[in-house]
Amino acid sequence: MVILIAEDDELILKTIEHKLLKEGHEVVLSRNGKEAIETLKNESIDLAITDIMMPFASGIEILSAIKIMGKQIPVIMLSSMGQEEVVLNAFDLGASDFIVKPFSPNELILRIKRFSPK
């Protein structure tokens, strides 16, 4: 499975990348929202993991871009903001899942497996 990780926190980005590579996934990294949107336009992505608060374009804007492109990609949102309004907005825009930081990489893997082709 090809997974896009859009995260501006280098430690979190590398932690997720390491865990996903260990699980046998192909990983594409984006360190800001603009990069993530370009990646989504130009590459075949099976699942996206995106932080909500990022430079140049937010995770919410990435979700909107996916919708505009007409792509059917599951999106797992990450955020240190666990506010109900933010979570509900993400789900309204089509987020498949939402994880509040800090989180366990093992929990993330379990959630990703729900979207893996059998």
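What follows is calculated from the coordinates using simple rules that are stated; it is not laboratory data. Everything numeric here is computed off the predicted structure, so don't read it as measured data. Neighbour counts are summed over all protein chains in view; Cβ atoms, including those assigned to glycine, are modelled from backbone coordinates with ideal geometry.
Segment H18..Q83, full-extension length gain: 20.6 nm, with 0.36 nm per residue of separation and the alpha-carbon distance subtracted. Along the Cα-to-Cβ line of N106, 7 Å from the Cα, sits a label point; which residues in region 1-32 have backbone N less than 18 Å from it? It comes to 15-24, nothing else.
Order of S58, S64 from fewest to most other C-beta atoms within 10 Å? Before the final figure, lay out the partial values.
Values: S58 18, S64 15.
Ordered by Cβ neighbours within 10 Å, fewest first: S64, S58.
Counted by Cβ distance under 15 Å from D92, the other residues give a net charge of -3, where Lys and Arg count +1 and Asp and Glu count -1. Using the average count of surrounding beta-carbon atoms within 10 Å as a protection proxy, the listed peptides 17-27, 32-42 rank, highest first, as 32-42, 17-27. Descending by average beta-carbon neighbour count within 10 Å, the peptides 67-79, 91-103 line up as 67-79, 91-103, the highest first. Structural size metrics of the chain, computed from C-alpha coordinates, are Rg and Dmax of 12.7, 35 Å. The H on the amide N of A57, modeled in the peptide plane, is under 5 Å from the matching H of G33, K34, each at least 5 residues off or on a different chain.
The calculated 222 nm mean residue ellipticity attributable to helices in the chain amounts to -13000 deg cm²/dmol, summing -39500 (n - 2.57) over DSSP H runs of n ≥ 4 and dividing by all residues. In this structure, the residue pairs whose Cα-Cα separation is over 24 Å, taken from K41/K101; K14/K101; K14/K34; K71/K101, are K41/K101; K71/K101. Taking amide H as placed 1.01 Å from N in the peptide plane, L78 has its amide H under 5 Å from the amide H of T50, D51, I52, I99, each at least 5 places away in sequence or on another chain.
Full extension of the chain segment joining V2 with I68 gains 21.7 nm, where the gain is 0.36 nm per residue of separation less the Cα-Cα distance.
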